[in-house]
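The values are calculated or read from the model by the stated rules, or taken from the named source; none is laboratory data. All of these numbers come straight from a predicted model, not from anything done at the bench. Here the Cβ is made from the backbone with ideal geometry for all residues, glycine too, and neighbour counts use every protein chain on show. Ligands, DNA and RNA are stripped out before the accessible areas are found, and what is left, the full protein with its side chains, is counted by its heavy atoms. Shrake-Rupley method; radii C 1.70, N 1.55, O 1.52, S 1.80 Å.
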Amino acid sequence: DAGITQSPRHKVTETGTPVTLRCHQTENHRYMYWYRQDPGHGLRLIHYSYGVKDTDKGEVSDGYSVSRSKTEDFLLTLESATSSQTSVYFCAISDDSLLAGEQYFGPGTRLTVT
Amino acid sequence: GENVEQHPSTLSVQEGDSAVIKCTYSDSASNYFPWYKQELGKRPQLIIDIRSNVGEKKDQRIAVTLNKTAKHFSLHITETQPEDSAVYFCAASIRTSGSRLTFGEGTQLTVNP
């Protein structure tokens, strides 16, 4: 597995509380992504980053924000968690070599909003 | 944006049989098509991919075919084994640096001993 870690791995939180998930990579890859995985929906892109301080929205970005202040860290924040954000969140990375496009995933974070 | 449809949603085969999973995509500009395998409770793992300049790619028991005209691509697994049981996802993107993948909804493959 590529050097990708996510923290926490599991979290239970209450509706209305802020939550931050962290993705950390040791591969020095330029691109980082946040996906959520729900039954019947596959993996859906929330936000992605193409460099330090450079981010953009994915297809399901409402209710989420991201930040990338260092190459190795990509943070996903739920400003005010809702039950619809209960999901498994995966971070992924890719580089800008000739193999551009290949994405490698972290172990995932299971988030439950009660 | 891109839309990827994947069929079937579940597939059950006997050990040693072949399995085929099919995906269609909507954006004719897409030119990179990876396949991921996800075991229960694990992360998705890239198992094979194909770029639009080729029609077929093989890696041992796994092969992927691409028909750009029809905008569909397929995963073929031969001589299936119980350890092939997992959820398989197809995806599509425009192959550039930092490409954004659009995933299909997944196929639960069960290989019965």
| Got the relative contact order for chain B handy, in percent, Cα pairs under 8 Å and 6 or more residues apart? | 37 percent
| Kirkwood Rh, the range B:43-88, all Cα pairs: how many Å? | 11.8 Å
| message | Using a 10 Å cut-off around each Cβ of peptide B:41-49, what is the average number of partner chain Cβ atoms that fall inside? | response | 5
| remark: The local net charge around B:LYS71, scoring Lys/Arg +1 and Asp/Glu -1 for residues other than B:LYS71 whose Cβ lies under 11 Å from its Cβ, equals -2
| said: Given points 7 Å out from each Cα along the Cα-Cβ axis, report the B:ALA70 to A:SER69 separation in nanometres with one decimal. | reply: 5.3 nm
| query | If you plug each phi of the range B:87-92 into the Karplus form 6.51 cos²θ - 1.76 cosθ + 1.60 with θ = phi - 60°, what whole-Hz ³J(HN,Hα) values come out, in order, with x for Gly and Pro? | reply | 9, 10, 10, 9, 8, 9
| note | Listed by chain and number, the residues whose amide H is under 5 Å from that of A:GLY58, excluding neighbours fewer than 5 places away on the same chain and using placed H, are A:HIS47, A:TYR48
| request: Report ³J(HN,Hα) in whole Hz for each residue of the range A:30-44, in order, from the Karplus equation J = 6.51 cos²θ - 1.76 cosθ + 1.60 where θ = phi - 60°; Gly and Pro get x. | output: 6, 9, 9, 9, 10, 10, 10, 10, 10, x, x, 10, x, 10, 10
| query | Between B:GLU79 and B:GLU5, what is the spin-label point distance in nm, taking each point 7 Å from the Cα along the Cα→C-beta axis? | reply | 3.5 nm
| query | What residues of the range B:53-96 lie in the reach of a label at B:ASP17, counting those whose backbone N is under 14 Å from a point 7 Å from the Cα along Cα→Cβ? | reply | B:77-82, B:85
| said: Report the B-A buried area as the accessible area lost on both sides summed, probe 1.4 Å, in Å² to the nearest 100. | reply: 2000 Å²
| field | Amide hydrogen neighbours beyond the local backbone of B:ASP27, cut-off 5 Å, H modeled | value | B:ASN3
| message | How big is the range A:13-92 along each principal axis, measuring the range of its Cα positions in Å and listing the largest first? | response | 34, 27, 20
| query | In whole angstrom, how long is each semi-axis of the equivalent ellipsoid of the protein assembly as shown, when you take the square root of 5 times every eigenvalue of its Cα gyration tensor and sort them from largest down? | reply | 30, 21, 16
| message | Skipping prolines and chain starts, which residues have an amide H placed within reach, meaning under 5 Å, of the one on B:SER85, given they are 5 or more residues away or on another chain? | response | B:VAL111
| Carbon + sulfur, % of accessible area of chain B - ligands and nucleic acids excluded, 1.4 Å | 45 percent
| Any idea what the relative contact order of chain A is, in percent, if you count C-alpha pairs under 8 Å spaced at least 6 apart? | 35 percent
| Förster radius 41 Å - calculated FRET efficiency between B:ILE62 and A:THR112, Cβ distance, rounded to 0.05 | 0.75
| query | Each label point is 7 Å from the Cα along the Cα-to-Cβ direction; what then is the distance between the points at A:THR5 and A:HIS41, in nm? | reply | 2.9 nm
| task | Compute the whole-percent fraction of alpha carbon pairs in the range B:14-113 spaced more than 24 Å apart. | result | 19 percent
| said: Heavy atoms of the protein only, probe of 1.4 Å, neighbouring chains included. What is the accessible area of B:TYR25 in Å², nearest 10? | reply: 10 Å²
